[in-house]
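Below: the structure, in structure tokens.
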Amino acid sequence: MEGTGETVEQSADAYEARGKNKEQSLSELKRSLAMDMADLEQPVLIVIDDIDRLTTDEIREVFQLVKANGDFPNLIYLLMFDRDIVSGALDTVSGGRGMEFLDKIVQVLFHVPQPPLSDVRQVLFDGLNVFLAEAAVAERWESDRWNRIWWDGLVAYFTNLRSVYRFLGSFGFQVSQMQNERAFELNPIDLVALETLRLFESKFYESIPGNRSLFIGGHVSLFTQDDPAAKQTRVDELERLLTSTVPESRRARVRELLTHLFPALFGHRHSDDESMLRGLRVGQETIFQRYFTLRIPKDDIAQGDLDTLRRNLADPRNFTQACLALKKRGLLDAAFERLDAYKEHLPTTLFPGMITALSDVGDFLPKSDQAEFAKFDALTHAWRLIYFCLRRVEDGSQRFEWLQSGFSASQGVRLLVLVASRQERRPDGDAHSYLIDEVQALELTRLATERLRLAAEDGRLRALPGLKYVLYRWSEWTTPEEVRSWIMSGLNGPTDALWVLRTFLSVMRSESHKVQFTRYIVLSALEPFVDLGALEPWSGRLLRLTSTRCH
């Protein structure tokens, strides 16, 4: 031991030697230990914190031990506790005189004053600033929204340093799980609010993932948002959850926090659902799950990958490489669905290069044969990016110049055909949907027709996804005979016959007990493009089966 020149092991050996001749009593051992401790050059300080958080029995046991050993020389106890709680626990062993019992044990009493609330909050804000210093996290920090959430509900949870330090420790872990060198995958304000609920309203927080349809609403709320009965049902369900999980004194603040996090919960959609998607808000249905699993779902794209696409939108080569990498992971549909939320927020300087880049990747964007109601495929999202971006440009000549130069710099077929078709004047067309005038639309159609013929000649056309739509447009802009001649020239065997049938395959979605997809071929739609007799040697049985089911 320090001060005697002995090690702990040597001291233990000395006590053992003393006990060899005769067994020492407890009082003798205590006197012997006191003599050794009196020789210490420095006192021993024993610190015991958070005594008031122990059970009543544990509090009594701690003070009994302190009282029994407090008279050792050079031994100092520093005890930290809430005096009212501890004195109450000691009342049972002192005949209701717990405070007097404390006064006999405690020689010097230090009262630690409660720090001002402003200081407590500043510790919290300083801690948050450490995490917000990362650019990827700070990118989605909205000061106005933070002020509303803070004063409407969060402020009441941070009244002492213990709650602040407890929060900062767990919040730092949450941030580390969803942050990488490229992006932060959550909204920091929403994460602060949810982590506060997780720590201080744990029962209610645990009920959120299991009631996703209540908090998010999904597509159902699009149709029921103005239905008083549906709204009342949601309110009733929320109140049942609050009543069973949150004390009445805190329900109002929880309810206020929820209005900021989950707008669908109160029977309405956010005024701009796309801003919730861009902001990675928990109330957005595609983002919701990642807050409770701290990982990106397999069928969703990470924000870092999405940011890579956005940064390279005007760089056709890098954009194509990024899209091909996502295609290998089966994430192109998810990527273009997420890009759609930025369509009205991209700088105009990107537009010419963006059109080329989108056209380049358009020929390998997946074409789903299981289209869902109100869900666009990736190619349609690419068109929407072009449409909503150019709609912000008032000069029609500038729009056409960018379309023409962008598509001319690409060899892509599908997106050019789609855009030209959407700009083609039709009797039932909406004048507001046109980006260019009629003469310019005809020029774009001419460019698309030339591109189709070139792709047919060099063999690229045959491999395009969604070829049926492209062939219909080609036949409208030229003649069905031209398309028929191209198809028949390539019909030389069973593989070619199968390609023709697959090209004109249609899918019908139906729902009863479960979603089902029926694949079929409409022969009347196939006949203008191919001689059915020429298919007979290789696919006659399939054609006869098809003709009995479709008309």
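For segment 378-401, name all the residues that are over 30 Å from the mean Cα position of the chain (by Cα), assigned to a helix (DSSP H, G or I) and surrounded by fewer than 21 Cβ atoms within 10 Å (Cβ to Cβ).
The answer is Gly396, Ser397, Gln398, Phe400, Glu401.
Ala455 falls short on exactly one of the conditions (1) modelled with pLDDT of 95 or more; (2) surrounded by fewer than 17 Cβ atoms within 10 Å (Cβ to Cβ), and that condition is (2). Gly490 - would you say it is surrounded by fewer than 17 Cβ atoms within 10 Å (Cβ to Cβ) and at positive phi? When the stated conditions are applied, Gly490 does not pass them.
Checking Ser176, Ser207 one by one, the residue that is in the same structural domain as Arg281 (by TED's automatic domain parsing), polar (S, T, N, Q) and closer than 19 Å to Arg250 by Cα is Ser207 and no other. Would you check if Ile85 is within 47 Å of the chain's Cα centre (by Cα) and outside any loop (DSSP other than H, G, I, E, B)? Judged against the criteria, Ile85 is a match.
Looking at Leu102, Leu45, Leu128 in this structure, which one is within 23 Å of Leu161 (Cβ to Cβ), of a type in the set (A, V, I, L, M) and crowded, with 16+ Cβ neighbours inside 10 Å?
After applying the criteria, what remains is Leu128.
You will find that of Ala448, Ala441, Ala463, the residue that is surrounded by 15 or more Cβ atoms within 10 Å (Cβ to Cβ), of a type outside the set (Ser, Thr, Tyr) and either under 24 Å from Trp538 (Cα atoms) or under 40 Å from the mean Cα position of the chain (by Cα) (or both) is Ala448 and no other.
Quick test for you: out of Arg97, Arg166, Arg121, pick the one residue that is over 22 Å from the mean Cα position of the chain (by Cα) and in the same structural domain as Thr55 (by TED's automatic domain parsing).
Arg97
The selection criterion, being in a helix (DSSP H, G or I), in contact with a helix residue (DSSP H, G or I) (Cβ under 9 Å, 6 or more places away or on another chain), within 16 Å of Trp499 (Cα to Cα) and among the small types (Gly, Ala, Ser), does not hold for Ala448. Being in contact (Cβ under 8 Å) with a residue 12 or more places away in the chain, basic (Lys, Arg) and closer than 30 Å to Arg311 by Cβ is not true of Arg121.
If you go through segment 255-273 and keep only what is buried (at least 16 other Cβ atoms within 10 Å of the Cβ) and modelled with pLDDT of 90 or more, you end up with Arg255, Glu256, Leu257, Leu258, His260, Leu261, Phe262.
Tell me yes or no: at least one residue of segment 370-377 is part of a helix (DSSP H, G or I) and polar (S, T, N, Q). No, segment 370-377 contains no residue that is part of a helix (DSSP H, G or I) and polar (S, T, N, Q). Screening segment 231-254 for residues that are more than 21 Å from Ala193 (Cα to Cα) and crowded, with 16+ Cβ neighbours inside 10 Å and picking the one that is modelled with the lowest pLDDT gives Lys231.
The criterion of being assigned to a loop (DSSP other than H, G, I, E, B) and not hydrophobic (A, V, I, L, M, F, W, C) holds for Asp71. In segment 275-294, is there at least one residue being assigned to a helix (DSSP H, G or I) and over 17 Å from the mean Cα position of the chain (by Cα)? Checking segment 275-294: not a single residue is assigned to a helix (DSSP H, G or I) and over 17 Å from the mean Cα position of the chain (by Cα). The residue pairs whose first member lies in segment 42-56 and is touching a residue at least 40 places away in the same chain (Cβ under 8 Å), whose second member is small (Gly, Ala, Ser) and outside any helix (DSSP H, G or I), and whose beta carbons are closer than 8 Å, counting only pairs six or more residues apart or on different chains, are Gln42/Gly3.
The values are calculated or read from the model by the stated rules, or taken from the named source; none is laboratory data. Remember, it's a predicted structure, so these values are computed and weren't measured experimentally. Glycine gets a Cβ as well: all are built from the backbone with ideal geometry, and neighbour counts include every protein chain shown.
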